[in-house]
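Asker: Below is one structure. I have some questions about it.
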Amino acid sequence: MMSVKQSDMMAPQLPTAVYEVRPEHIIEHEDHPILLSYLDVVVQGYLRMHGLGGVAHFFETTAGWGLPVLNDRADPIYPRHQSLSVKEQALVDRHLAAVMEQAE
């Protein structure tokens with residue numbers, strides 16, 4: 001099994017654009033789940049730009065984890081989905097499980 005050192009997952013601090021949805025566009029409904037394929041892309045970007053600390057910060061400072069998550073990894077719905085390594089998937093899954101547990 002290939003191991004990844006934490007130093008291999010560190011990235012230089014780069015400028016980042018932050019997008020926020022206007023309150024009138026927020027839909028908190030089970031008919032609009034969080035797509036895991038989308039979340040994978042977001043977390044992969046945070047990991048590459050900000051390292052493991054950036055990923056942790058993303059999950060700690062993002063609200064709305066009480067919504068359902070649709071696991072569409074096998075057949076991604078998000079049009080700009082990316083392939084994640086097994087380690088990256090485990091990172092997403094671990095952080096997602098923690099925030100979902102807190103949201104209950």
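Asker: Return 69, 43 ranked ascending by Cβ neighbour count within 10 Å, so the fewest neighbours appear first. Numbers along the way, then the final one.
Answerer: Values: 69 14, 43 22.
The fewest-first ordering by Cβ neighbours comes to 69, 43.
Asker: For the stretch 31-103, just say rounded, prolate or oblate: build the C-alpha gyration tensor, square-root its eigenvalues into a ≥ b ≥ c, call rounded for a/c under 1.5, and beyond that prolate if a/b exceeds b/c, oblate if not.
Answerer: Values: a/c = 1.67, a/b = 1.04, b/c = 1.61.
Oblate shape, in that a/c is at least 1.5 and b/c is the bigger or equal ratio.
No value in this document is a laboratory result; all are computed from the given coordinates. Quantities reported herein were computed from a predicted structural model and do not represent experimental measurements. Cβ: placed from backbone, ideal geometry, glycine included. Neighbour counts: every protein chain shown.
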